[in-house]
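Quick notes on the structure that follows.
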Amino acid sequence: MAEPLISPSSGLVNTQTPFASCFKPQLNTHSILPFKPITSSSFRYKCPILNQIQTIAPSNLKSNRWSLQGMTALVTGGTRGIGRAIVEELAGLGASVHTCSRNENELDKCLVEWKSLGFEVSGSICDVSIRAQRESLMEKVSSLFDCKLNIIVNNVGTNIRKSMVDLTAEEVSTLLATNFESVFNLCQLAYPLLKASGLGSVVFTSSVSGFVSLKSMSLQGATKGGAINQLTRNLACEWAKDNIRSNAVAPWYIRTSMVEQVLSNKDYLEEVYSRTPLQRLGDPTEVSSLVAFLCMPASSYITGQIICVDGGMSVNGFYPKDY
């Protein structure tokens, strides 16, 4: 059996052990040397093996850590709410963005507005819950971006506010197809393009319903939250070898048209505030800024993470404000 590096009785390094010279202490208690800052270029380990270790992050990304200039992106459901904020955030940071919507008039209006802002954004009509339309969308993206894609943001999702026992078979199929199946298949279709780019990033729009129980959201929590969260983690490990990262954002109530009706009830809105430490709703730009960061070279060592954008709601246990 090999001798330990450190002798338990003496605390001294066993110099007969391989690599022991790398860790041999060098004591000097008689002199104090003047402080000299160690820079990354001048620092050298005493162990030669450690000096041979290279980081995976490309060195040429350092000057563009906070930019998406030259990158290509697909954002699903990008004409309203969080999706629209994400399109504008990515385009504003220099990315060429393609988005999709089921509503042609809405898409055309957005494209005109984005062009007037100088954003490089194109769009397609697509219902991502339908497989044939997903395939056509990815063919368009492949042609548009020369068979390479840096970023895919799987943003589309929906909910049907009913108790679990009241959901019909058709409603269950709709939520499964929209919230999970479409996302899973789009990732499959996007994989060759992400790999070809050499620097890929997948971002999912999840939900805090994947972390905590929310009323009338059992199936939404399972499909948009739980399943997406685990897919995020699995892809982070499975695709890491291809330099593709996978992360998710999990919003709470964000001020969008999707939640306007339910939040129009003032009593309900007050309950939302009471469960949210920051005492307010989120803004779509507060989600899009995080998505953009997760796509940047600045976040190149972050993968497999699901980050809540919820004003503290998901960590709020019993915290009465009047005592």
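Taking each pair of distinct Cα atoms in region 65-156 once, what is the resulting Kirkwood hydrodynamic radius in Å? Present the calculation step by step, with values, prior to reporting the outcome.
On the way: mean 1/r = 0.0772 Å⁻¹.
The answer is 12.9 Å.
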Express the carbon and sulfur contribution to the solvent-accessible surface of region 203-323 as a percent, rounded to the nearest whole number, probe 1.4 angstrom.
54 percent
Considering only protein heavy atoms, what is the solvent-accessible area of Asp146 at a probe of 1.4 Å, reported in Å² to the nearest 10?
110 Å²
For Gly78, enumerate residues with amide H under 5 Å from its amide H, sequence gap 5+ or separate chain, H modeled in the peptide plane.
Cys100
To the nearest 20 debye, region 108-234 has a Cα-centred charge dipole, built from +1 on Lys and Arg Cβ and -1 on Asp and Glu Cβ, of 320 debye
Enter the accessible area of Leu107 (Å², nearest 10), with the probe set to 1.4 Å and all protein chains included.
10 Å²
With every protein chain in place, the accessible area of Val112 for a 1.4 Å probe, in Å² rounded to the nearest 10, comes to 100 Å²
If the limit is 24 Å between Cα atoms, which of Lys224/Lys266; Lys115/Lys195; Lys140/Lys224; Lys109/Lys140; Lys109/Lys266; Lys148/Lys224 go over it?
Lys224/Lys266; Lys115/Lys195; Lys140/Lys224; Lys109/Lys266; Lys148/Lys224
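Only four residue types carry charge here, +1 at the Cβ of Lys and Arg and -1 at the Cβ of Asp and Glu. Report the dipole size of region 223-295 about the Cα centre in Debye, rounded to the nearest 20.
Working: 8 positive and 8 negative charges, 42 e Å.
Dipole about the Cα centre, nearest 20: 200 debye.
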Sorted by accessible area (1.4 Å probe), largest first, how do Met258, Met71 line up?
Met258, Met71
Could you state the number of Å between the C-alpha centres of region 162-176 and region 198-252?
21 Å
³J(HN,Hα) computed for each position of region 203-210 - Karplus, 6.51 cos²θ - 1.76 cosθ + 1.60, integer Hz, glycine/proline x:
10, 9, 8, 8, 7, 5, 5, x
When every protein chain stays in place and a 1.4 Å probe is rolled, Glu88, Glu260 sorted by accessible area with the largest first are Glu260, Glu88
Rounded to whole Hz and in sequence order, give me ³J(HN,Hα) for region 72-80 from the Karplus expression 6.51 cos²θ - 1.76 cosθ + 1.60, θ = phi - 60°, writing x for Gly and Pro.
10, 8, 10, 10, 7, x, x, 9, 8
Toward the positive end of the charge dipole of region 125-233, about the Cα centre and with charges on Cβ (Lys, Arg +1; Asp, Glu -1), which of Val153, Val212, Tyr191 goes farthest?
Val212
With bins 5 Å wide starting at 0, give me the P(r) of region 125-214 over every alpha carbon pair, in whole percents.
3, 13, 20, 22, 16, 11, 8, 5, 2, 0
Whole-Hz couplings from phi, Karplus 6.51/-1.76/1.60, listed for region 146-160; x for Gly and Pro
6, 6, 9, 9, 8, 9, 10, 10, 7, 9, 4, x, 8, 8, 10
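Between rounded, prolate and oblate, where does region 259-323 land on the alpha carbon gyration tensor, with a ≥ b ≥ c its root eigenvalues, rounded for a/c under 1.5, else prolate if a/b exceeds b/c? Don't jump to the answer; show the numbers that get you there.
Details: a/c = 3.46, a/b = 1.80, b/c = 1.93.
Here region 259-323 falls in the oblate category.
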Taking the dipole about the Cα centre of region 203-323, with the C-beta of Lys and Arg at +1 and of Asp and Glu at -1, give me whichever of Val203, Gly312, Leu278 is farthest to the positive side.
Val203
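The values are calculated or read from the model by the stated rules, or taken from the named source; none is laboratory data. On a predicted model such as this, the values are computed, not experimentally measured, just so you know. All Cβ positions, even for glycine, are placed from backbone atoms using ideal geometry, and neighbour counts span all protein chains on display. SASA here: full protein model, heavy atoms, side chains in, ligands and nucleic acids out. Shrake-Rupley method; radii C 1.70, N 1.55, O 1.52, S 1.80 Å.
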